[in-house]
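Trainee: I'd like to ask you about the structure that follows.
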Amino acid sequence: MMLQKPSERGAALLTVLIMVAVLAVIAATTLDRLSLSSKLSANGNALAQARMFTYATEAIAAARIEDLVARDAAQTTLSGDLLGKEQTIPIPIGSATASVRDAGNCFNLNSLVTETGGQYVASATGQEQMTSLMVVLGIQENVARAVAAAGADWADSNISPLPNGAEDDGYRAVATPYLASNRLYAHPSELRAVKGVTPAIYAKLQDWICALPDPVLSPLNVNTLLPEQAPLLAMLLPPGKMNLTFARSYLAKRPSNGYGSLIRFWAAPEIAALEPSPLVQGQVKLTSNYFLLNTIVSFGELKLAGQSMIVASPAPARVVWRSWGEEE
């Protein structure tokens, strides 16, 4: 029998040890990937469950909105403990909360244009109201007018920039070139892409703007407009014409059961003296058609925040868009 030399036995042992080390690494990697796969699968299931609960909450909210609108076809008010009230939604696992607010009480970015013959054309009234809102919020008027013009160019159908506005050429020159949308705003966050809208400007505007699905002047419901939303009332008139303190005080004096009549709202001597145009008087409403549902669903370690735009008319109430994000 041939005996192995010590060097050969050492080489064989080293080979075995290397093979064991490689197998250990493979096993550890496999277990790690299996653990990650299981965790991803669990997170995916939790996310799917949370979204199902959000869908259910949308259905409940839509039904309650239908009841609210049907209760009084002539006006929508804050009565009924639906608008602005956070509700706890019972779910089998975890927890969920929801709140509904009047989504028409905002500056509608799509009011920067009007529809004429199937084309979107810049609206001077929409631009003036956006300018007025920005001035009330502390933005310089010359900056505000440029942002409003660029905002209208973003949504109108043509490629010719307005004075102080911006079309494709204004966006091709930036570090990462892009083009103007030339369609209605789908979400208020689109405004961040408009020329002249800095992070500071957007931070001031984000709680006051919306993107309703129609190019109409913001349909403010003075029965649901809160005193803290006074800048929205002030934006109806040219910059500086309506004092913010007056607007806040006027909304605070609203009858508890609503105005009941727009004549009653506009007839007050202090507001009639401001001489609002017929267009603006027709813009103000006593009823609401757009509602924003905010939900937070907690499921295990996941906390999902959602927003859903619900349109009440024509019935049945329906969701026109929704968005989700992880609650921080």
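The values are calculated or read from the model by the stated rules, or taken from the named source; none is laboratory data. Being a predicted model, the structure only gives us computed values, none of them experimental. Note that we place each Cβ from the backbone using ideal geometry, even for glycine, and neighbour counts take in every protein chain shown.
Trainee: Of the numbered conditions (1) in contact with a helix residue (DSSP H, G or I) (Cβ under 8 Å, 6 or more places away or on another chain); (2) modelled with pLDDT of 90 or more, residue 240 fails exactly one; give the number of that condition.
Mentor: Residue 240 satisfies every listed condition except (2).
Yes/no per residue for (1) of a type in the set (D, E, K, R); (2) in a loop (DSSP other than H, G, I, E, B); (3) within 19 Å of the chain's Cα centre (by Cα); (4) surrounded by 17 or more Cβ atoms within 10 Å (Cβ to Cβ):
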residue: 76; (1), (2), (3), (4): no, yes, no, yes
residue: 85; (1), (2), (3), (4): yes, yes, yes, no
residue: 134; (1), (2), (3), (4): no, no, yes, yes
residue: 142; (1), (2), (3), (4): no, no, no, no
residue: 163; (1), (2), (3), (4): no, yes, no, no
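Trainee: Could you tell me which residue of region 275-315 is farthest from the chain's Cα centre (by Cα), considering only residues that are within 30 Å of residue 253 (Cβ to Cβ) and surrounded by fewer than 17 Cβ atoms within 10 Å (Cβ to Cβ)?
Mentor: Among those residues, the one meeting the criterion is 275.
Trainee: Given the criteria surrounded by fewer than 23 Cβ atoms within 10 Å (Cβ to Cβ) and at pLDDT 90 or above, does residue 49 qualify? Give the derivation first.
Mentor: Details: surrounded by fewer than 23 Cβ atoms within 10 Å (Cβ to Cβ): yes; at pLDDT 90 or above: no.
Considered against the rule, which asks whether it is surrounded by fewer than 23 Cβ atoms within 10 Å (Cβ to Cβ) and at pLDDT 90 or above, residue 49 comes out as no.
Trainee: Additional query: Quickly run through region 280-319 and pick out the residues that are assigned to a strand (DSSP E or B) and of a type in the set (Val, Ile, Thr). Walk me through it before giving the result.
Mentor: Going residue by residue through region 280-319, those that are assigned to a strand (DSSP E or B) are 285, 290-299, 302-311, 318-319.
295, 296, 297, 310, 311, 319, listed by residue number.
Trainee: Search region 192-207 for residues being in contact with a helix residue (DSSP H, G or I) (Cβ under 6 Å, 6 or more places away or on another chain) and in contact (Cβ under 8 Å) with a residue 12 or more places away in the chain, and hand back the single one that is farthest from residue 142 (Cα to Cα).
Mentor: Taking the candidates together, the pick is 194.
Each row is one residue, and each column tells you yes or no for (1) in contact with a strand residue (DSSP E or B) (Cβ under 9 Å, 6 or more places away or on another chain); (2) at pLDDT 70 or above.
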position: 1; (1), (2): no, no
position: 13; (1), (2): no, no
position: 30; (1), (2): no, no
position: 34; (1), (2): no, no
position: 56; (1), (2): yes, yes
position: 62; (1), (2): yes, yes
position: 71; (1), (2): no, yes
position: 97; (1), (2): yes, yes
position: 104; (1), (2): yes, yes
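Trainee: Here's something else I'd like to know. If residue 156 satisfies all but one of (1) in contact with a strand residue (DSSP E or B) (Cβ under 6 Å, 6 or more places away or on another chain); (2) modelled with pLDDT of 95 or more; (3) surrounded by fewer than 23 Cβ atoms within 10 Å (Cβ to Cβ), what's the number of the condition it fails?
Mentor: (3)
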